[in-house]
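The values are calculated or read from the model by the stated rules, or taken from the named source; none is laboratory data. This one's a predicted model, so the numbers in the text were calculated from it and none came from an experiment. Glycine also receives a Cβ, built like all others from the backbone with ideal geometry; neighbour counts cover every protein chain displayed.
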Amino acid sequence: MLDQIIHEWPRFATWYNFIFIAKAAGMTLLLSALGCTLGTGIGLLLAVTRVTKARWLKPLRLLAFVFTEIFRRVPFLVTLMLCFFAFQATGYDVPLFVVAAVSVTVIAGAYLAEIIRGGFKSVHRNQWEAAATMNFSLIDTIRLVVLPQAWRIVLPPAFGYFVMFIKDTALASQIGVIELTYVGKVLNNKGFSAALSFGVILIVYFIISYPLSRLGAYLEARLASSRHRRA
């Protein structure tokens, strides 16, 4: 296998192939960034909705619960295909990137909603009650009291999910989005061995995800030490 890789490398290492891989890596990063950024916003909204107590918001709490539970349990590929056929049913020619972006945002929103809600629950109930005694609204309570304490709990698992999420975007290749896994298939179909084609893709995924995982580990260590100091 190594002899085959060495033999194929001069033909593989062309400017066109490297540009092709670089563009696909950019697409993977863009999908991941959109999913994580928009998903965080949706997750925060869902988490806030689920901690409300007003009776008139009960339908919204139920909707947030159903959304979170369904999309955390449905495989990403199924969600991707549902979004793909739903957009097709509209009759509009929606770009495949938009379909993939909506899918990853929905999935990220569901997972991050639970991570954020877990952070909210880590804040002692006395803090919520003290804010209510001071006539804080729910938004002010979360913004001024809960989030400053909860983000230390939320950040480490959120970073862990972001790293996993980068790999999950590979499924976007199933509908034709030109990201890293798709490029690996194209290069393999062009006659390069699977070991070389997907080996290079593996290295690119590692280059993308490793710094993020190290940043998450660093922040987790720093936050853990700050919690110990406070204790």
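Here are the numbers for the structure shown:
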quantity	calculated
Residue ranges of helices (runs of 4 or more DSSP H) in region 1-99 with at least 1 members modelled with pLDDT of 90 or more	15-50, 58-73, 76-89
Lone unmet requirement of (1) closer than 30 Å to G118 by Cβ; (2) under 31 Å from the mean Cα position of the chain (by Cα); (3) loosely packed, with under 15 Cβ neighbours inside 10 Å; (4) not β-branched (V, I, T) for A22	(1)
I115 being within 13 Å of the chain's Cα centre (by Cα) and either closer than 24 Å to I139 by Cα or hydroxyl-bearing (S, T, Y) (or both)	yes
Some residue of region 135-157 being closer than 30 Å to V99 by Cβ and either of a type in the set (V, I, T) or surrounded by fewer than 12 Cβ atoms within 10 Å (Cβ to Cβ) (or both)	yes
Conditions (1) in contact (Cβ under 8 Å) with a residue 40 or more places away in the chain; (2) within 22 Å of the chain's Cα centre (by Cα): number failed by M164	(1)
